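The next block holds one structure in the form of C-alpha coordinates; read it before the comments.
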Amino acid sequence: MTSRPPALFVLFFFFLPFLLFPLAASHNITRILAQFDDFSTFSSLLTQAQLVSDINSRRTITVLAVDNGAVSSASGRPIDELKKILSLHVVLDYYDDEKLHNLRNHTAILTTLFQATGLATGRNGFLNVTNMGNGQIAFGSAVPGSPLVANFVKVLATRPYNISVIQISSVIVPPSISGGASNHSTSPTAAPVAAPSPANATLTPTLAPSEDAPSPTHTPVASPPGLMSPDGSPAGAPSGNSADAPAGDSSAAERVVAGAGVAIAMAFAMLASLQMS
(Lines give C-alpha, C1' and ligand atoms only; values in the text may rest on other atoms or scores of the structure.)
Protein backbone atom coordinates (compact mmCIF):
# COMPACT_ATOMS: atom_id res chain seq x y z
CA MET A 1 0.00 0.00 0.00
CA THR A 2 1.38 3.39 -1.04
CA SER A 3 1.98 5.77 1.83
CA ARG A 4 0.52 9.24 1.68
CA PRO A 5 2.94 12.12 1.01
CA PRO A 6 3.58 14.45 3.95
CA ALA A 7 1.05 17.27 4.20
CA LEU A 8 3.89 19.83 4.29
CA PHE A 9 5.13 18.54 0.92
CA VAL A 10 1.71 19.05 -0.68
CA LEU A 11 1.28 22.52 0.85
CA PHE A 12 4.68 23.65 -0.41
CA PHE A 13 3.85 22.94 -4.03
CA PHE A 14 0.36 24.38 -3.63
CA PHE A 15 1.84 27.74 -2.61
CA LEU A 16 4.74 27.59 -5.10
CA PRO A 17 3.14 30.10 -7.54
CA PHE A 18 2.80 32.62 -4.73
CA LEU A 19 6.49 32.16 -3.88
CA LEU A 20 7.64 32.61 -7.49
CA PHE A 21 5.49 35.62 -8.44
CA PRO A 22 7.32 38.21 -6.26
CA LEU A 23 10.54 37.42 -8.16
CA ALA A 24 9.12 39.33 -11.14
CA ALA A 25 9.28 42.63 -9.24
CA SER A 26 12.75 42.90 -7.73
CA HIS A 27 13.01 46.59 -6.84
CA ASN A 28 11.31 49.07 -4.54
CA ILE A 29 11.47 52.73 -5.56
CA THR A 30 10.55 54.15 -2.14
CA ARG A 31 13.24 52.04 -0.47
CA ILE A 32 15.81 53.27 -3.00
CA LEU A 33 14.83 56.93 -2.54
CA ALA A 34 14.85 56.53 1.26
CA GLN A 35 18.67 56.42 1.04
CA PHE A 36 18.66 60.08 -0.02
CA ASP A 37 17.19 62.74 2.28
CA ASP A 38 16.98 65.27 -0.55
CA PHE A 39 14.38 63.15 -2.36
CA SER A 40 11.92 62.53 0.46
CA THR A 41 9.31 64.89 -1.05
CA PHE A 42 9.58 63.26 -4.48
CA SER A 43 9.12 59.83 -2.87
CA SER A 44 6.10 61.08 -0.91
CA LEU A 45 4.53 62.51 -4.08
CA LEU A 46 4.96 59.17 -5.87
CA THR A 47 3.01 57.55 -3.05
CA GLN A 48 0.30 60.23 -3.14
CA ALA A 49 -0.09 59.77 -6.90
CA GLN A 50 -0.33 55.98 -6.42
CA LEU A 51 2.54 55.31 -8.81
CA VAL A 52 4.75 53.23 -6.52
CA SER A 53 3.17 49.88 -7.38
CA ASP A 54 3.25 50.69 -11.12
CA ILE A 55 6.96 51.47 -10.91
CA ASN A 56 7.81 48.42 -8.80
CA SER A 57 5.89 46.08 -11.09
CA ARG A 58 7.93 46.93 -14.18
CA ARG A 59 11.02 44.96 -15.06
CA THR A 60 13.04 47.63 -16.90
CA ILE A 61 12.61 51.26 -15.92
CA THR A 62 14.32 54.61 -15.34
CA VAL A 63 13.01 57.10 -12.78
CA LEU A 64 13.88 60.77 -13.27
CA ALA A 65 13.95 62.02 -9.69
CA VAL A 66 13.83 65.69 -8.62
CA ASP A 67 15.20 66.90 -5.28
CA ASN A 68 13.09 68.53 -2.56
CA GLY A 69 13.84 72.08 -3.64
CA ALA A 70 13.07 71.62 -7.33
CA VAL A 71 10.01 69.39 -6.93
CA SER A 72 8.04 72.12 -5.13
CA SER A 73 6.50 73.20 -8.46
CA ALA A 74 4.61 69.90 -8.57
CA SER A 75 3.47 69.96 -4.94
CA GLY A 76 -0.06 71.15 -4.24
CA ARG A 77 -1.43 70.22 -7.66
CA PRO A 78 -4.61 68.11 -7.96
CA ILE A 79 -3.90 64.38 -7.73
CA ASP A 80 -4.88 63.73 -11.37
CA GLU A 81 -2.41 66.39 -12.58
CA LEU A 82 0.28 65.20 -10.17
CA LYS A 83 -0.06 61.64 -11.45
CA LYS A 84 0.34 62.75 -15.07
CA ILE A 85 3.37 64.90 -14.27
CA LEU A 86 5.17 62.25 -12.22
CA SER A 87 4.35 59.43 -14.63
CA LEU A 88 6.14 61.50 -17.31
CA HIS A 89 9.25 61.11 -15.11
CA VAL A 90 9.15 57.31 -15.38
CA VAL A 91 10.87 56.10 -18.58
CA LEU A 92 10.02 52.60 -19.79
CA ASP A 93 13.62 51.72 -20.59
CA TYR A 94 16.98 51.57 -18.83
CA TYR A 95 19.26 54.63 -18.95
CA ASP A 96 22.39 55.28 -16.93
CA ASP A 97 25.25 57.77 -17.21
CA GLU A 98 27.04 55.85 -19.95
CA LYS A 99 23.93 55.32 -22.08
CA LEU A 100 22.85 58.96 -21.79
CA HIS A 101 26.26 60.23 -22.89
CA ASN A 102 26.36 57.84 -25.85
CA LEU A 103 22.96 58.45 -27.44
CA ARG A 104 22.83 57.48 -31.08
CA ASN A 105 22.55 60.70 -33.14
CA HIS A 106 22.96 62.49 -29.75
CA THR A 107 19.21 62.52 -29.13
CA ALA A 108 16.33 60.10 -28.48
CA ILE A 109 12.59 60.05 -27.91
CA LEU A 110 11.67 58.22 -24.68
CA THR A 111 8.38 56.46 -23.94
CA THR A 112 7.11 57.13 -20.42
CA LEU A 113 4.61 55.66 -18.01
CA PHE A 114 2.30 58.59 -18.84
CA GLN A 115 2.05 57.30 -22.43
CA ALA A 116 1.38 53.76 -21.18
CA THR A 117 -1.61 54.92 -19.13
CA GLY A 118 -3.47 55.89 -22.30
CA LEU A 119 -4.22 59.35 -20.85
CA ALA A 120 -1.59 61.23 -22.85
CA THR A 121 -2.64 63.09 -25.99
CA GLY A 122 -0.39 63.67 -29.00
CA ARG A 123 3.26 63.54 -27.94
CA ASN A 124 2.59 64.50 -24.31
CA GLY A 125 3.53 60.99 -23.15
CA PHE A 126 7.04 61.14 -24.67
CA LEU A 127 10.26 62.85 -23.59
CA ASN A 128 13.08 64.28 -25.67
CA VAL A 129 16.60 63.68 -24.32
CA THR A 130 19.53 65.37 -26.06
CA ASN A 131 23.29 65.38 -25.61
CA MET A 132 24.10 69.09 -25.95
CA GLY A 133 27.66 68.40 -27.05
CA ASN A 134 29.40 69.94 -24.01
CA GLY A 135 28.85 67.09 -21.56
CA GLN A 136 25.38 68.40 -20.72
CA ILE A 137 22.33 66.16 -21.13
CA ALA A 138 18.97 67.94 -21.39
CA PHE A 139 15.39 66.67 -21.08
CA GLY A 140 12.06 68.10 -22.18
CA SER A 141 8.67 67.21 -23.59
CA ALA A 142 8.67 65.63 -27.05
CA VAL A 143 5.73 67.81 -28.10
CA PRO A 144 6.95 69.86 -31.13
CA GLY A 145 8.22 73.28 -30.09
CA SER A 146 8.73 72.35 -26.43
CA PRO A 147 11.98 73.53 -24.80
CA LEU A 148 14.46 71.32 -22.99
CA VAL A 149 13.74 72.31 -19.40
CA ALA A 150 15.74 69.94 -17.20
CA ASN A 151 19.38 68.87 -17.07
CA PHE A 152 20.88 65.54 -16.07
CA VAL A 153 22.60 65.94 -12.68
CA LYS A 154 23.82 62.51 -11.59
CA VAL A 155 22.94 58.85 -11.20
CA LEU A 156 21.53 58.03 -7.76
CA ALA A 157 21.31 54.24 -7.99
CA THR A 158 21.28 51.53 -10.63
CA ARG A 159 20.62 47.82 -11.00
CA PRO A 160 21.60 46.98 -14.60
CA TYR A 161 19.43 46.51 -16.51
CA ASN A 162 16.34 46.55 -14.29
CA ILE A 163 16.13 49.99 -12.74
CA SER A 164 18.03 53.25 -12.86
CA VAL A 165 17.25 56.27 -10.68
CA ILE A 166 18.81 59.49 -11.94
CA GLN A 167 18.53 63.08 -10.74
CA ILE A 168 17.37 65.84 -13.09
CA SER A 169 17.42 69.54 -12.28
CA SER A 170 13.71 70.42 -12.52
CA VAL A 171 10.20 69.07 -13.00
CA ILE A 172 8.99 68.47 -16.58
CA VAL A 173 5.32 69.37 -17.01
CA PRO A 174 3.45 68.05 -20.08
CA PRO A 175 2.24 70.98 -22.25
CA SER A 176 -1.30 69.56 -22.09
CA ILE A 177 -1.45 70.32 -18.36
CA SER A 178 -2.30 73.83 -17.18
CA GLY A 179 0.86 75.67 -16.23
CA GLY A 180 2.94 74.49 -19.19
CA ALA A 181 6.60 73.70 -19.04
CA SER A 182 9.05 74.76 -16.39
CA ASN A 183 10.39 78.30 -16.58
CA HIS A 184 13.94 77.02 -16.20
CA SER A 185 14.25 76.21 -19.88
CA THR A 186 17.49 75.23 -21.53
CA SER A 187 16.71 75.52 -25.23
CA PRO A 188 19.54 74.32 -27.48
CA THR A 189 21.21 77.04 -29.51
CA ALA A 190 22.90 74.79 -32.03
CA ALA A 191 22.70 71.29 -33.38
CA PRO A 192 24.40 68.95 -30.92
CA VAL A 193 27.80 67.58 -31.81
CA ALA A 194 29.61 64.52 -30.60
CA ALA A 195 31.38 64.86 -27.29
CA PRO A 196 33.39 62.39 -25.21
CA SER A 197 31.61 61.05 -22.17
CA PRO A 198 32.94 62.89 -19.10
CA ALA A 199 34.02 60.84 -16.16
CA ASN A 200 31.40 60.73 -13.46
CA ALA A 201 33.09 62.41 -10.50
CA THR A 202 30.29 61.44 -8.11
CA LEU A 203 30.39 57.99 -6.59
CA THR A 204 26.89 56.57 -6.88
CA PRO A 205 25.53 53.49 -5.12
CA THR A 206 25.02 50.56 -7.46
CA LEU A 207 22.49 47.90 -6.57
CA ALA A 208 23.50 44.30 -7.13
CA PRO A 209 22.26 43.14 -10.56
CA SER A 210 19.63 40.45 -10.45
CA GLU A 211 20.41 37.12 -12.08
CA ASP A 212 17.52 37.34 -14.53
CA ALA A 213 18.31 40.91 -15.64
CA PRO A 214 17.57 41.30 -19.36
CA SER A 215 20.17 42.58 -21.78
CA PRO A 216 20.10 46.27 -22.71
CA THR A 217 17.26 47.23 -24.99
CA HIS A 218 17.72 49.19 -28.21
CA THR A 219 17.59 52.93 -27.70
CA PRO A 220 14.91 54.70 -29.79
CA VAL A 221 16.58 56.84 -32.41
CA ALA A 222 15.55 60.39 -33.18
CA SER A 223 17.02 63.15 -35.30
CA PRO A 224 18.61 66.24 -33.75
CA PRO A 225 16.23 68.88 -32.37
CA GLY A 226 14.63 71.06 -34.98
CA LEU A 227 13.97 68.29 -37.51
CA MET A 228 10.32 67.36 -37.84
CA SER A 229 8.44 64.64 -39.66
CA PRO A 230 5.80 65.56 -42.25
CA ASP A 231 3.10 65.19 -39.61
CA GLY A 232 4.76 67.81 -37.40
CA SER A 233 6.08 65.31 -34.82
CA PRO A 234 9.77 64.96 -33.87
CA ALA A 235 11.64 62.95 -36.50
CA GLY A 236 12.37 59.47 -35.21
CA ALA A 237 9.60 59.56 -32.62
CA PRO A 238 7.56 56.38 -32.16
CA SER A 239 4.43 56.39 -34.25
CA GLY A 240 1.26 54.38 -34.63
CA ASN A 241 0.79 51.39 -32.36
CA SER A 242 4.44 51.29 -31.35
CA ALA A 243 3.65 53.77 -28.59
CA ASP A 244 1.22 51.27 -27.12
CA ALA A 245 3.98 48.71 -26.57
CA PRO A 246 6.59 50.48 -24.39
CA ALA A 247 10.02 48.93 -24.08
CA GLY A 248 10.74 47.13 -20.84
CA ASP A 249 7.15 46.21 -19.97
CA SER A 250 7.35 43.19 -17.67
CA SER A 251 3.72 42.11 -17.67
CA ALA A 252 4.33 39.24 -20.11
CA ALA A 253 7.29 37.93 -18.11
CA GLU A 254 5.28 38.07 -14.90
CA ARG A 255 2.43 36.08 -16.47
CA VAL A 256 4.90 33.42 -17.65
CA VAL A 257 6.40 33.06 -14.17
CA ALA A 258 3.00 32.91 -12.50
CA GLY A 259 1.66 30.48 -15.12
CA ALA A 260 4.63 28.16 -14.72
CA GLY A 261 4.13 28.12 -10.98
CA VAL A 262 0.45 27.29 -11.32
CA ALA A 263 1.21 24.45 -13.75
CA ILE A 264 3.83 22.95 -11.42
CA ALA A 265 1.51 23.19 -8.44
CA MET A 266 -1.36 21.52 -10.32
CA ALA A 267 0.90 18.70 -11.50
CA PHE A 268 2.11 17.90 -8.01
CA ALA A 269 -1.39 18.19 -6.59
CA MET A 270 -2.60 15.60 -9.11
CA LEU A 271 0.36 13.35 -8.27
CA ALA A 272 -0.39 13.62 -4.58
CA SER A 273 -4.04 12.82 -5.21
CA LEU A 274 -3.12 9.66 -7.15
CA GLN A 275 -0.76 8.54 -4.42
CA MET A 276 -3.39 9.00 -1.72
CA SER A 277 -6.08 7.08 -3.69
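The values are calculated or read from the model by the stated rules, or taken from the named source; none is laboratory data. On a predicted model such as this, the values are computed, not experimentally measured, just so you know. Every residue, glycine among them, receives a Cβ derived from its backbone with ideal geometry; neighbour counts consider all protein chains shown. Surface accessibility is based on the protein's heavy atoms, side chains included, excluding ligands, DNA and RNA. Shrake-Rupley method; radii C 1.70, N 1.55, O 1.52, S 1.80 Å.
Quick notes on this structure:
- Spin-label model distance (nm) - Arg104 vs Thr117, 7 Å beyond Cα toward Cβ: 3.0
- Ligands, DNA and RNA are left out, and with a 1.4 angstrom probe the accessible area of the stretch 20-166 is 35 Å² per residue.
- Listed peptides 55-63, 152-160 by packing density, highest first (mean Cβ within 10 Å): 55-63, 152-160
- Kirkwood hydrodynamic radius over Cα pairs of the stretch 102-171, then Stokes diffusion coefficient at 4 °C and 1.567 mPa s, in µm²/s: 99
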